Structures are given as C-alpha cells and as structure tokens.
Amino acid sequence: MRYRVLLCDADDTLLDFSAAEKSALYAVLKRFDMPRDEQVCEQYARINASLWKALERGETTQSALKEDRFRLLADALNVHRDIPALSAAYAHELGLQAPLMPGAEAFIRAVSVHMPIYVVTNGIASIQKSRMSLSGLLPYIADLIISEEVGFQKPDPAMLHIALERGGFTKRDAVMLGDSLSADIAAATLAGIDSIWIHWAREHTLSDAHYQVKNLHEAREIILSS
C-alpha cells in the first residue's frame with residue numbers, strides 16, 4: 001500500500017457533528033427556558049461556525065469561544081441567562097452525543113487492519129474524548145490529537161506533525177482525511193502531506209486536496225489501494 005498511516009478528522013468526517021450539536025442544544029435551551037426551534041438552532045450553528053473559523057485564523061481563543069457563542073446567541077434572542085452555566089451545560093450534553101457519519105464504523109474497522117489511525121481534531125478535549133469513547137470507534141484508533149491539549153489547531157500543521165512524531169512516521173507515509181478545506185486540507189497542504197477531501201456529495205469546488213470523495217467507501221478505496 002502507498003500509505004502507512006491515516007490522519008483523520010473527527011467531526012463531520014467520522015462523527016455527525018450537526019446531529020450532535022442539535023441534540024445537545026435543544027436539551028440545554030429547554031433546561032434554561034430559552035426559545036428552541038429550527039431557526040434558533042440554525043442561528044446558533046452560524047454563530048458557532050463563525051467563531052471556530054475565527055479560531056482557525058487566530059482571532060479568538062478556545063476558552064473565549066466556549067462562552068462567546070452563547071453570549072452572542074442570548075443577545076440575538078434578547079434574553080438574559082447565566083452564560084458560564086449555559087456553556088458548562090452544553091459541554092456536558094455535547095459530550096454525550098456521538099452519532100456516526102454514514103459508513104464510519106465499517107471504514108474505521110477496515111482501515112485499522114492495515115494501518116494505525118490518528119484522529120486529529122480541533123475541539124475541547126473532554127468533549128471529544130467522551131464522544132469518541134461513546135461512538136465505539138476508540139478501540140480502532142491509535143491516538144487522539146486534540147487541539148486543546150496540544151496547543152495548536154488546524155490549519156496549523158503542527159497538529160499533524162505531532163501525530164506523525166507519536167507514531168514514528170514521516171509525511172511521505174501519511175494521508176490526511178477530512179471534510180474542511182480551511183482546516184483539514186489546509187493543514188495537510190502546509191505539512192506537505194497527501195490529503196483526501198470528503199465533501200459528502202455537497203456542492204463543491206476545486207481544492208488543494210490530492211483526492212476528492214463523496215463518502216467513506218471511496219476514501220477507503222484510495223487509502224488501501226496498492
């Protein structure tokens with residue numbers, strides 16, 4: 001096989017973050033007696049996504065992000081709540097949500113037979129560890145490299161370098177799989193590592209990725225090809 005190690009994103013690559021986010025958010029909004037409908041969920045998702053993009057650009061910190069997303073949502077809804085309590089409750093609820101993307105379990109099982117898999121994820125350590133454990137995928141994962149723990153976040157290539165160093169691999173041994181062009185594929189490009197962009201058949205465009213796939217079955221075929 002061409003590759004000896006897989007570096008893999010977590011959210012919206014292996015784990016269905018959109019479903020997890022919605023379930024956790026509904027639970028917290030109900031607990032804090034806040035408006036809760038599809039429009040509010042979409043509003044939160046936009047706020048959260050914009051803050052994570054700002055984090056990628058170095059314009060905020062993960063610590064600030066945890067509360068700012070709920071402060072901005074409360075402001076938009078014109079309600080007053082205990083923001084630190086909201087943030088803590090959401091973190092707890094999100095850590096309990098681990099729905100999988102289609103084909104994730106079969107993909108991880110198949111690839112792990114042939115090479116170690118290092119999950120490289122931007123996120124909050126306690127949440128990501130809980131979700132990965134509940135997902136059932138953890139026994140097939142060699143290690144988790146989480147931005148909060150290592151002090152870097154994708155697209156910083158340092159996260160990928162750390163994964164390779166832990167396994168004793170070189171960049172020529174590796175391929176990076178992820179759904180985000182601005183985080184996963186950009187990090188791989190900066191690290192000089194081959195990349196696979198999984199776009200899940202959404203409307204997509206040209207990218208710097210070496211390969212583009214619409215599902216994990218196609219990704220598996222590339223990763224395990226001779």
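The values are calculated or read from the model by the stated rules, or taken from the named source; none is laboratory data. Keep in mind the model is a prediction, meaning the values are calculated, not measured. Methodologically, a virtual Cβ is constructed for each residue, glycine included, from the backbone with ideal geometry; neighbour enumeration extends over all protein chains shown. Surface accessibility is based on the protein's heavy atoms, side chains included, excluding ligands, DNA and RNA. Shrake-Rupley method; radii C 1.70, N 1.55, O 1.52, S 1.80 Å.
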Worksheet item: Looking at the stretch 106-115, is at least one residue surrounded by fewer than 20 Cβ atoms within 10 Å (Cβ to Cβ), of a type in the set (Phe, Trp, Tyr) and more than 13 Å from the chain's Cα centre (by Cα)?
Response: no
Discussion item. Against the condition hydroxyl-bearing (Ser, Thr, Tyr) and at pLDDT below 95, how does Ser126 come out, does it pass?
Written reply: yes
Response to the item:
Picked from the stretch 57-85 (must be among the acidic types (Asp, Glu) and part of a helix (DSSP H, G or I)), the residue surrounded by the most Cβ atoms within 10 Å (Cβ to Cβ) is Asp68
Practice prompt. May I ask you to list the residues in the stretch 12-50 that are under 30 Å from Ala186 (Cβ atoms), open to solvent by 30 Å² or more (accessible area, probe 1.4 Å) and touching a residue at least 60 places away in the same chain (Cβ under 8 Å)?
Written response: Asp12, Asp16, Ala19, Ser23
Worksheet item: How many residues, within the stretch 86-105, are open to solvent by 20 Å² or more (accessible area, probe 1.4 Å) and in a helix (DSSP H, G or I)?
Response: 5
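Here is a yes/no grid of residues against (1) at pLDDT 95 or above; (2) out of contact with any helix residue (DSSP H, G or I) (no Cβ under 7 Å at 6 or more places or on another chain):
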{"position": "Asn48", "(1), (2)": "no, no"}
{"position": "Leu72", "(1), (2)": "yes, no"}
{"position": "Ala76", "(1), (2)": "no, no"}
{"position": "Val79", "(1), (2)": "no, yes"}
{"position": "Ala106", "(1), (2)": "yes, yes"}
{"position": "Pro116", "(1), (2)": "yes, no"}
Worksheet item: What do you reckon, is Lys53 of a type outside the set (Val, Ile, Thr), at pLDDT below 95, under 17 Å from the mean Cα position of the chain (by Cα) and closer than 29 Å to Leu216 by Cα?
Response: yes
Worksheet item: Within the stretch 125-226, which strands (runs of 3 or more DSSP E) (wholly inside it) include 3 or more residues that are open to solvent by less than 20 Å² (accessible area, probe 1.4 Å) and within 20 Å of Trp52 (Cβ to Cβ)?
Response: 174-178, 194-198
Worksheet item: Out of all the residues in the stretch 55-67, is one or more out of contact with any Pro (no Cβ under 6 Å at 6 or more places or on another chain), at positive phi and free of Cβ contacts under 8 Å to residues at least 12 places away in the same chain?
Response: yes
